[in-house]
Amino acid sequence: MSTERVGGYPEVELPDDFSDATSWQRARDEETRVEPLTRAEWMVRVGDGDRHRVVFGTRSGQPVGECDCKGYAHHEWCAHLATVFLAYCRQEIVVADLEADPDEELAMLWRQYRQEGEA
(Lines give C-alpha, C1' and ligand atoms only; values in the text may rest on other atoms or scores of the structure.)
Protein backbone atom coordinates (compact mmCIF):
# COMPACT_ATOMS: atom_id res chain seq x y z
CA MET A 1 0.00 0.00 0.00
CA SER A 2 1.05 3.52 -0.61
CA THR A 3 2.38 5.56 2.27
CA GLU A 4 0.78 8.69 0.78
CA ARG A 5 -1.80 10.45 2.92
CA VAL A 6 -5.44 10.06 1.96
CA GLY A 7 -6.06 12.00 -1.23
CA GLY A 8 -2.74 11.04 -2.81
CA TYR A 9 -3.83 7.69 -4.21
CA PRO A 10 -3.65 6.91 -7.92
CA GLU A 11 -6.65 7.34 -10.20
CA VAL A 12 -8.52 4.14 -10.92
CA GLU A 13 -8.05 3.40 -14.59
CA LEU A 14 -9.84 0.45 -16.10
CA PRO A 15 -7.58 -1.80 -18.16
CA ASP A 16 -8.29 -1.69 -21.90
CA ASP A 17 -9.69 -5.21 -21.82
CA PHE A 18 -11.21 -4.96 -18.34
CA SER A 19 -14.51 -6.63 -19.25
CA ASP A 20 -12.58 -9.75 -20.27
CA ALA A 21 -10.18 -9.58 -17.33
CA THR A 22 -10.36 -12.35 -14.74
CA SER A 23 -10.42 -9.79 -11.93
CA TRP A 24 -13.49 -8.05 -13.38
CA GLN A 25 -15.24 -11.37 -14.02
CA ARG A 26 -14.56 -12.44 -10.43
CA ALA A 27 -15.90 -9.14 -9.05
CA ARG A 28 -19.00 -9.45 -11.19
CA ASP A 29 -19.73 -13.18 -10.86
CA GLU A 30 -18.43 -14.40 -7.50
CA GLU A 31 -19.89 -13.72 -4.09
CA THR A 32 -18.27 -10.57 -2.71
CA ARG A 33 -18.23 -8.75 0.59
CA VAL A 34 -17.35 -5.07 1.01
CA GLU A 35 -17.07 -3.78 4.58
CA PRO A 36 -16.25 -0.15 5.45
CA LEU A 37 -13.37 0.50 7.84
CA THR A 38 -13.10 4.28 7.54
CA ARG A 39 -14.44 6.88 5.14
CA ALA A 40 -11.91 5.71 2.53
CA GLU A 41 -10.90 2.18 3.55
CA TRP A 42 -12.73 -1.05 2.84
CA MET A 43 -12.13 -4.71 3.65
CA VAL A 44 -12.99 -6.77 0.58
CA ARG A 45 -13.37 -10.50 0.01
CA VAL A 46 -13.98 -12.02 -3.40
CA GLY A 47 -15.20 -15.60 -3.47
CA ASP A 48 -13.50 -17.70 -0.82
CA GLY A 49 -10.26 -15.72 -1.06
CA ASP A 50 -8.49 -13.71 1.62
CA ARG A 51 -9.77 -10.34 2.78
CA HIS A 52 -7.80 -7.35 1.49
CA ARG A 53 -7.69 -3.68 2.41
CA VAL A 54 -8.77 -1.37 -0.41
CA VAL A 55 -8.48 2.40 -0.22
CA PHE A 56 -11.13 3.93 -2.48
CA GLY A 57 -12.71 7.34 -2.84
CA THR A 58 -13.04 10.18 -5.30
CA ARG A 59 -10.90 13.21 -6.00
CA SER A 60 -12.46 15.88 -8.24
CA GLY A 61 -15.09 13.31 -9.20
CA GLN A 62 -12.48 10.81 -10.38
CA PRO A 63 -12.32 7.43 -8.59
CA VAL A 64 -8.98 6.87 -6.87
CA GLY A 65 -7.71 3.89 -4.95
CA GLU A 66 -5.43 0.94 -4.47
CA CYS A 67 -5.34 -2.49 -2.86
CA ASP A 68 -2.81 -4.27 -0.66
CA CYS A 69 -2.94 -7.55 -2.64
CA LYS A 70 -0.22 -8.96 -4.89
CA GLY A 71 -2.42 -8.69 -7.97
CA TYR A 72 -2.69 -4.94 -7.56
CA ALA A 73 1.05 -4.65 -6.89
CA HIS A 74 1.77 -6.35 -10.23
CA HIS A 75 -1.03 -4.97 -12.43
CA GLU A 76 -2.42 -1.85 -10.68
CA TRP A 77 -5.80 -3.61 -10.96
CA CYS A 78 -7.31 -6.52 -9.06
CA ALA A 79 -10.59 -8.25 -8.21
CA HIS A 80 -10.77 -6.40 -4.87
CA LEU A 81 -10.50 -2.95 -6.44
CA ALA A 82 -12.90 -4.05 -9.20
CA THR A 83 -15.39 -5.16 -6.53
CA VAL A 84 -15.37 -1.77 -4.78
CA PHE A 85 -15.48 0.07 -8.12
CA LEU A 86 -18.49 -2.02 -9.19
CA ALA A 87 -20.28 -1.39 -5.87
CA TYR A 88 -19.58 2.35 -6.34
CA CYS A 89 -20.96 2.33 -9.91
CA ARG A 90 -24.07 0.45 -8.77
CA GLN A 91 -24.50 3.00 -5.96
CA GLU A 92 -24.36 0.22 -3.37
CA ILE A 93 -21.80 2.15 -1.35
CA VAL A 94 -21.14 5.82 -0.65
CA VAL A 95 -17.50 6.74 -1.05
CA ALA A 96 -15.58 9.65 0.38
CA ASP A 97 -14.61 12.76 -1.53
CA LEU A 98 -10.97 12.76 -0.45
CA GLU A 99 -10.65 16.49 -1.06
CA ALA A 100 -13.57 17.35 1.21
CA ASP A 101 -13.25 18.22 4.87
CA PRO A 102 -14.49 15.12 6.75
CA ASP A 103 -16.79 17.21 8.97
CA GLU A 104 -18.34 18.97 5.96
CA GLU A 105 -18.76 15.65 4.19
CA LEU A 106 -20.49 14.13 7.23
CA ALA A 107 -22.85 17.11 7.44
CA MET A 108 -23.68 16.78 3.73
CA LEU A 109 -24.37 13.04 4.11
CA TRP A 110 -26.59 13.70 7.13
CA ARG A 111 -28.59 16.33 5.20
CA GLN A 112 -28.99 13.90 2.30
CA TYR A 113 -30.12 11.17 4.69
CA ARG A 114 -32.69 13.50 6.29
CA GLN A 115 -34.03 14.70 2.90
CA GLU A 116 -34.66 11.12 1.83
CA GLY A 117 -36.95 10.74 4.86
CA GLU A 118 -34.83 8.11 6.55
CA ALA A 119 -34.44 9.95 9.87
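The values are calculated or read from the model by the stated rules, or taken from the named source; none is laboratory data. Bear in mind that the values here come from a model prediction, so they are computed numbers and not experimental data. Using ideal geometry, Cβ is built from the backbone for each residue, glycine included, and neighbour counts are taken over all protein chains shown.
Flag: Leu81 matches the condition of being in contact with a Phe, Trp or Tyr (Cβ under 7 Å, 6 or more places away or on another chain) and either in contact (Cβ under 8 Å) with a residue 60 or more places away in the chain or surrounded by 19 or more Cβ atoms within 10 Å (Cβ to Cβ) (or both).
Quick check: is even one residue across region 89-108 touching a Leu at 6+ places or on another chain (Cβ under 9 Å), buried (at least 19 other Cβ atoms within 10 Å of the Cβ) and touching a residue at least 40 places away in the same chain (Cβ under 8 Å)? No; the residues of region 89-108 include none that is touching a Leu at 6+ places or on another chain (Cβ under 9 Å), buried (at least 19 other Cβ atoms within 10 Å of the Cβ) and touching a residue at least 40 places away in the same chain (Cβ under 8 Å). When restricted to residues that are aromatic (Phe, Trp, Tyr) and assigned to a helix (DSSP H, G or I), region 62-87 contains 2.
Out of Gly8, Gly47, one residue alone is at pLDDT 95 or above and over 14 Å from the mean Cα position of the chain (by Cα). It is Gly47. Take Cys78 and decide whether it is hydrophobic (A, V, I, L, M, F, W, C), closer than 12 Å to Val12 by Cα and in contact with a Leu (Cβ under 8 Å, 6 or more places away or on another chain). The answer is no for Cys78.
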